[in-house]
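Undergrad: Starting off with a structure, shown below.
The values are calculated or read from the model by the stated rules, or taken from the named source; none is laboratory data. These numbers come from a predicted model, not from an experiment. Here the Cβ positions follow ideal geometry from the backbone for every residue, glycine too, while neighbour counts run over all protein chains shown.
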Amino acid sequence: MLWLTCPHCGERPVNEFRFGGELPHVPDSITDETERNVDYVWMYDNVRGVTTERWFHAAGCRRWLTVRRDTITDTVVA
Amino acid sequence: MNEFVETLLDLEWHEQKSSYDVVIIGAGGHGLATAYYLATRHGISNVAVVEAGYIGSGNSGRNTTIIRANYGIAESVRFYQHSVDLYATLEEETGCWIMHSTKGLIWLAHTEMSMRAERARSLMNQACGAETVMITPEEAKRLCPQLDLTGGGRYPVLGASYHPGAATARHDRVVWAYAQGAMRRGVDILPHTPVTGLLRDGDRVMGVETPNGPISAGLVVSAVGGNVTTIAAMAGVRLPIRTHPLQALVTNAYAQGFGPIVSDSELLCYVSQTARGQMLMGAEFDSQPSYSMQSSFEFLQSVASKVTHLLPFLRDLRVLRQWTGICDISPDYSPIMGETGVDGFLITTGWGTWGFKAIPAGGEGMAEMIATGVAPPLIAPFALDRFARDHTMADQGSAGTR
């Protein structure tokens, strides 16, 4: 199982956490303000590789943390 | 399995040509059904279907083969009911035995809240032409004698919705029925041909790059599962898609018949019996997006604890096999079909965990769109621009179990 390192609680199993989504990233190539808003709200990079994302320690300290994870292997990277 | 099926069929395989009217990326159910309906309904057979692996090697070979239409919103119910109808006549139409078997689906409710959801579902289904009725726990027990109505003392059954039209079919036979039907009408299927890039002229997509050379095309259609974000990015298209793993398992054979499909909207799991007698079950997709196809022990634990409460006989069976597919989940749990905003590039994606049941209707709709340039009414509500228009097809009633 995937284990995440919570800055408050240490290393904990992933089923204590709630996935909060990747950090939104609107490409610079989109210039129109409305289109940027649509992209910010709906679109995902859905990275195949290392992605930076937010997790919520729901069954622990109930605080948010940032995790860098490799989505090909589903493992945390530094 | 598929390599074995290949030897049974007398098919003519062709070399890759340098140009086609239509190139479809992905020879899974949706890609092949689109090619099949292009050839049969619209007479367009100068079509290539390119596939990175072998035919049906993605999610078409990993699903739990349930065909049903009891969705929660009108657009979905109409679309999936059409798919259920097309599946029912597919054997007759293609001449291939797909092991289609109508079983009926029981959707159990354990709380007053989900009873309300099931009542709303059955009324919505009846209003939109799909048959779903509410049944009492006793009626559920009659349809499925193995059911423990107390839910192991923990999940008492208050009632259920019953969808008699639900069915199952053999997944790889469906894929091969479409492949064979398309190839006999002149469609070229090119397995082991990954798309490495798209040919572009300005913004317009003109074809695909493969290791065997480029193919120019009047129209490129992505019917990719799993890696659709990568393919769309080649055309400069951004998608509201996250790729999540979905797991399933089968047990060894259960000697007695298990008639219907049993689903549960609270526990988020579903159980059916395969033609071999094995019990096939699954649950919701993994919470974090991932391209890893690693199956987990936690999934086995969680599914086993749910289904053995409802169906105690499953405790005596052994897990034979467990597998994982990666599926494309859209924010509103509905598919995305049609135009992408880039000329020459159409898409059919967002098939999440509900793609198998939609193969005929999705393929037929996409074929009509390719042939006429206009999205037919059944698939038009599922266009990509619905997100920008704030007109999402959110179907929470069906979001958990499929």
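Undergrad: Could you count how many residues in the stretch B:352-376 are crowded, with 24+ Cβ neighbours inside 10 Å and over 17 Å from B:Ala69 (Cα atoms)?
TA: The total comes to 2.
Undergrad: Report, by residue number, each residue of the stretch B:330-351 that is touching a residue at least 60 places away in the same chain (Cβ under 8 Å), within 23 Å of B:Arg78 (Cα to Cα) and surrounded by fewer than 23 Cβ atoms within 10 Å (Cβ to Cβ). Spell out the reasoning first.
TA: Within the stretch B:330-351, the first condition is being touching a residue at least 60 places away in the same chain (Cβ under 8 Å), and the residues that meet it are B:330-334, B:336, B:340-351.
Adding the requirement that they be within 23 Å of B:Arg78 (Cα to Cα) leaves B:330-334, B:336, B:346-351.
B:Pro331, B:Asp332, listed by residue number.
Undergrad: I've got another one for you. B:Asn70 - would you say it is buried (at least 24 other Cβ atoms within 10 Å of the Cβ) and of a type outside the set (Lys, Arg)?
TA: Working: buried (at least 24 other Cβ atoms within 10 Å of the Cβ): yes; of a type outside the set (Lys, Arg): yes.
Considered against the rule, which asks whether it is buried (at least 24 other Cβ atoms within 10 Å of the Cβ) and of a type outside the set (Lys, Arg), B:Asn70 comes out as yes.
Undergrad: Here's another thing I want to ask about it. Only residues that are surrounded by fewer than 23 Cβ atoms within 10 Å (Cβ to Cβ), of a type outside the set (Gly, Ala, Ser) and farther than 30 Å from A:Tyr44 by Cα: list them for the stretch B:246-272, please.
TA: B:Val250, B:Thr251, B:Asn252, B:Tyr254, B:Gln256, B:Phe258, B:Pro260
Undergrad: Residues being among the polar types (S, T, N, Q) and in a loop (DSSP other than H, G, I, E, B): count how many of those fall in the stretch B:53-66. Give the steps one after another, and end with the answer.
TA: The first filter runs over the stretch B:53-66 and keeps only residues among the polar types (S, T, N, Q), leaving B:57, B:59-60, B:63-65.
Then keep just the ones that are in a loop (DSSP other than H, G, I, E, B); that gives B:57, B:63-65.
Matching residues across the stretch B:53-66 total 4.
Undergrad: In the list B:Ala33, B:Ala48, which residue meets the criterion of being closer than 18 Å to B:Asn212 by Cα, modelled with pLDDT of 95 or more and out of contact with any Cys (no Cβ under 8 Å at 6 or more places or on another chain)? Reasoning before the result, please.
TA: Working: B:Ala33 fails: closer than 18 Å to B:Asn212 by Cα.
Answer to the check: B:Ala48.
Undergrad: Check the stretch B:356-366 and report whether any residue there is part of a strand (DSSP E or B), modelled with pLDDT of 95 or more and not β-branched (Val, Ile, Thr).
TA: Scanning the stretch B:356-366, I find no residue that is part of a strand (DSSP E or B), modelled with pLDDT of 95 or more and not β-branched (Val, Ile, Thr), so the answer is no.
Undergrad: If you don't mind, another one. Residue by residue through the stretch B:116-149, note down the ones that are over 25 Å from B:Leu378 (Cα atoms) and of a type in the set (D, E, K, R).
TA: Filtering the stretch B:116-149 down to residues over 25 Å from B:Leu378 (Cα atoms) leaves B:116, B:134-149.
Answer for the stretch B:116-149, where residues must be over 25 Å from B:Leu378 (Cα atoms) and of a type in the set (D, E, K, R): B:Arg116, B:Glu138, B:Glu139, B:Lys141, B:Arg142, B:Asp148.
Undergrad: So A:Arg62 clears everything in (1) within 22 Å of B:Thr324 (Cα to Cα); (2) over 11 Å from the mean Cα position of the chain (by Cα); (3) at pLDDT 95 or above except one condition, right? Which one?
TA: With respect to (1) within 22 Å of B:Thr324 (Cα to Cα); (2) over 11 Å from the mean Cα position of the chain (by Cα); (3) at pLDDT 95 or above, A:Arg62 is out only on (1).
Undergrad: Another question about this same structure. Of all the residues that make up the stretch B:100-157, how many are closer than 23 Å to B:Tyr80 by Cβ, among the aliphatic types (A, V, I, L, M), in contact (Cβ under 8 Å) with a residue 40 or more places away in the chain and surrounded by 15 or more Cβ atoms within 10 Å (Cβ to Cβ)?
TA: At the first step, the residues of the stretch B:100-157 found to be closer than 23 Å to B:Tyr80 by Cβ are B:100-109, B:114-135, B:140, B:143-144.
Checking the rest, the ones that are also among the aliphatic types (A, V, I, L, M) come to B:105-106, B:108-109, B:115, B:117, B:120, B:123-124, B:127, B:130, B:133-135, B:140, B:143.
Right, trim to in contact (Cβ under 8 Å) with a residue 40 or more places away in the chain and you get B:105-106, B:108-109, B:115, B:117, B:120, B:124, B:127, B:130, B:143.
Now drop any that are not surrounded by 15 or more Cβ atoms within 10 Å (Cβ to Cβ), which leaves B:105-106, B:108-109, B:115, B:117, B:124, B:130, B:143.
Of the residues in the stretch B:100-157, 9 are closer than 23 Å to B:Tyr80 by Cβ, among the aliphatic types (A, V, I, L, M), in contact (Cβ under 8 Å) with a residue 40 or more places away in the chain and surrounded by 15 or more Cβ atoms within 10 Å (Cβ to Cβ).
Undergrad: Only one residue in B:Arg184, B:Arg142, B:Arg116 is under 30 Å from B:Asp21 (Cα atoms) and not acidic (Asp, Glu), so which one is that?
TA: On the way: B:Arg142 fails: under 30 Å from B:Asp21 (Cα atoms); B:Arg116 fails: under 30 Å from B:Asp21 (Cα atoms).
Selected residue: B:Arg184, the only one of B:Arg184, B:Arg142, B:Arg116 that is under 30 Å from B:Asp21 (Cα atoms) and not acidic (Asp, Glu).
Undergrad: Separate question: Looking only at residues that are among the small types (Gly, Ala, Ser) and at pLDDT below 95 in the stretch B:183-212, which one is farthest from B:Leu32 (Cα to Cα)?
TA: So in the stretch B:183-212, the residues among the small types (Gly, Ala, Ser) come out as B:186, B:197, B:202, B:207.
From the residues that got through so far, the ones that are at pLDDT below 95 too are B:186, B:202.
On the way: B:Gly186: 13, B:Gly202: 29 Å.
It comes out as B:Gly202.
Undergrad: Say we look at the stretch A:5-38 and pick out the residues that are of a type in the set (A, V, I, L, M, F, W, C) and more than 18 Å from the chain's Cα centre (by Cα); which of these is farthest from A:Ala58 (Cα to Cα)? Working first, answer last.
TA: Let us first name the residues in the stretch A:5-38 that are of a type in the set (A, V, I, L, M, F, W, C), namely A:6, A:9, A:14, A:17, A:19, A:23, A:26, A:30, A:38.
Pick out the ones that are also more than 18 Å from the chain's Cα centre (by Cα) and you get A:9, A:30, A:38.
Numbers: A:Cys9: 12, A:Ile30: 35, A:Val38: 29 Å.
The selected residue is A:Ile30.
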